[in-house]
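Here's the structure we're looking at; comments come further down.
Bear in mind these aren't lab numbers, they're just calculated from the coordinates by the rules spelled out. Computed from a predicted structure; not experimentally measured. In this analysis, Cβ positions are derived from the backbone assuming ideal geometry, glycine residues included, and neighbour counts consider all displayed protein chains.
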Amino acid sequence: MVTIEEKIKLFYKLLNQSMDNKLTEDLKELEDSHEIKLNESKTMVDKEAKEIEEKALKRAEVKRAESTSKSKVIIKKDIMALKEKYYHLFMAKFENYIKEFGGTDQYKDYLSKIMPKLSEEIKNCGKCDTVIYVTKNDKEKYGGFIKKEISKNGCKVELKTSEDIMGGLIAELPEKNIKIDMSVDSVLEDNKTYIMQTVFEALEAGDYNV
């Protein structure tokens, strides 16, 4: 016969076993739950880390592209500045050459070639008084020659000097408000693009003695 005391001990033992089993189940359930949450958190963190990394790479790529673009612009500006510098140096030398050319016999031949064309244009404008602008040196050396050639049209010719031109002739017909520019400066301006292109090509070829 089982005594009350034995029954209590048995119940207590069974109760402990039940609690142990419940505790084990609860711990297992809690562990499983935390494992799932941990994996979810890890997946989320990995995803966020990848997104951050991709954004950082994109920003770095954009900055690299911007930096490269800016560098190209700066280099292009520097090259253009250098080209313009050499162009102006060339033109300064060329202008000195033209001034020297103005004192040669070849310059008179040059005037002889452009005056018939100028005279023809004046003639096409109708008979009227004409003012011819030349350099001071040209007026002193070739004034009579120029006036004689232009006067063949039967128009009255007045010679005036101009400090704004390096050589050649500028004709003004005040009565008709017409200006005919055959100065050396006009020739240079008309051919500026060609001159610049020639100078730049020489620079690109490595010829810095243009």
*Assign unit charges at the C-beta atoms only (+1 for Lys and Arg, -1 for Asp and Glu), then state the dipole size of region 105-192 relative to its Cα centre in Debye, rounded to the nearest 20.*
400 debye
*asked:* I'd like the Karplus ³J(HN,Hα) series for region 131-147: coefficients 6.51, -1.76, 1.60, θ = phi - 60°, whole numbers in Hz, and an x wherever there's a Gly or Pro.
replied: 10, 10, 9, 9, 6, 4, 5, 5, 5, 5, 8, 10, x, x, 4, 5, 4
*asked:* Using a 10 Å cut-off around each Cβ, can you sort ASP181, ASP164, ASP129 from fewest to most neighbouring Cβ atoms?
replied: ASP164, ASP129, ASP181
